[in-house]
Amino acid sequence: MRPWNRLSLRARVTLFSILFLAILITLYVAIESFFSVFKIVSELQGRIISLVVVLTGMILSSHWLAVIILKPVKRMSETAAGITATTLHKRLEIDQLHDELKKLGVVFNTMMDGLEHSFKQQARFVSAAAHELRTPLSILRTNLEVAGDGDGIDPSDWIDYRATTERTLSRLESLTEDLLLLADGTYDQTHSEHKVVELANILADAKSFMEPMAVKYGVTLHLIEPCDALVKGEESFLFLVFRNLLDNAIRYNRPNGNVTLQISQEDGRVVVRVSDTGKGVSPPSRELIFERFYRLDSSRARSHGGAGLGLSIVRHLLAIFQGTVELESSSESGSVFKVTLIQG
């Protein structure tokens, strides 16, 4: 890179200004000296003409300088104006920009990276949501069509149709609630971020709530004592967090498996570990499991009513109270999810 190109925009403008000023002063002195030597006009008229010429030169040089300075800004604005929802991949060319404009270009490109990621995530979310809704709606339509032909149905089959319809509606209701919870960004954190709740009661309620499902899957739930701890958060949201973690641990567990809840204090924070004896999570899937609608085993999760939203909801809710969730460890003998909360 040439030494001139290493200069910042401010340094270039300063050097241009000094250079133009020197040229204009020299021009003024030269014109005035010319009129003084050759006595073409009076001394006063010579000075006036010199000033007019110098002012004209200042105006023209200022305009030329402004065009040069604003040329990269114009290119940036034209590129930015051409970016639409279908051309979010476009970025500003910042390699040849000066320091000040380069910083602006980097900030703009970073913003566009986030915006493009958000649009892609939204598109995936809408596509996955439509796919999830299509299956139960198809089941309901089929049942309605069968019900329309009531003459060809055995009365004993009505019980099965009713049970299928009720399960499908329950799945639709659960899926709708999960989607609304993930889509709602209007929750006012100021009412809850300083609220202190007793974690032991929340864990006990979540364990009691999930007991019937655990019995159905042949899984035993354990809450390790002592479990007393005060944390900052919203009781109803924290209940959903541990309910979803337990739901996930039960669904992907082995027959006669175990799920354990254990509290500890680490670095001034409260940590809850949810351990299971399932088959574990493969390394490529360990971060993807927190994405919306992602499933480790699609056919198995779908057959058991899972929509792949549980861990997404957990991360979403914990973020409201500056909490975190991570897959601390995973192997063929089971997984451990670590929830970190602010101590109350």
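Here are the numbers:
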{"item": "Condition check for MET76: over 20 Å from the mean Cα position of the chain (by Cα), over 30 Å from LEU24 (Cβ atoms), in the same structural domain as PHE20 (by TED's automatic domain parsing) and surrounded by 13 or more Cβ atoms within 10 Å (Cβ to Cβ)", "result": "yes"}
{"item": "Residues of the stretch 226-246 satisfying the condition of being in a loop (DSSP other than H, G, I, E, B) and more than 17 Å from LYS195 (Cβ to Cβ)", "result": "PRO226, CYS227, ASP228"}
{"item": "Residues (farther than 12 Å from VAL52 by Cβ and of a type in the set (A, V, I, L, M, F, W, C)) located in the stretch 25-36", "result": "ILE25, VAL29, ALA30, PHE34, PHE35"}
{"item": "2 or more residues at pLDDT 90 or above and touching a strand residue (DSSP E or B) at 6+ places or on another chain (Cβ under 8 Å): qualifying strands (runs of 3 or more DSSP E) within the stretch 247-344", "result": "258-266, 269-276, 334-342"}
{"item": "Single match in GLU116, GLU145, GLU43 (criterion: among the charged types (D, E, K, R), at negative phi and at pLDDT 75 or above)", "result": "GLU116"}
{"item": "Any pair with Cβ under 7 angstrom, 6 or more apart, that starts in the stretch 242-254 at a residue that is buried (at least 21 other Cβ atoms within 10 Å of the Cβ) and ends at one that is of a type in the set (Phe, Trp, Tyr)", "result": "LEU245/PHE337; ILE250/TYR217; ASN253/TYR217"}
{"item": "Checklist (1) closer than 30 Å to GLU291 by Cα; (2) in contact with a Phe, Trp or Tyr (Cβ under 9 Å, 6 or more places away or on another chain) applied to GLN45, failing item", "result": "(1)"}
{"item": "Options LEU19, LEU15, LEU51, LEU24: the member that is surrounded by 11 or more Cβ atoms within 10 Å (Cβ to Cβ), in a helix (DSSP H, G or I), within 46 Å of the chain's Cα centre (by Cα) and at pLDDT 75 or above", "result": "LEU15"}
{"item": "From the options THR176, THR164, THR168, THR135, residue that is β-branched (Val, Ile, Thr), modelled with pLDDT under 70 and not assigned by TED's automatic domain parsing to the domain that holds ILE313", "result": "THR135"}
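The values are calculated or read from the model by the stated rules, or taken from the named source; none is laboratory data. Quick caveat, the model's predicted, so the values are computed rather than measured. Heads up, the Cβs are rebuilt from the backbone with ideal geometry, glycines too, and the neighbour counts pull from every protein chain shown.
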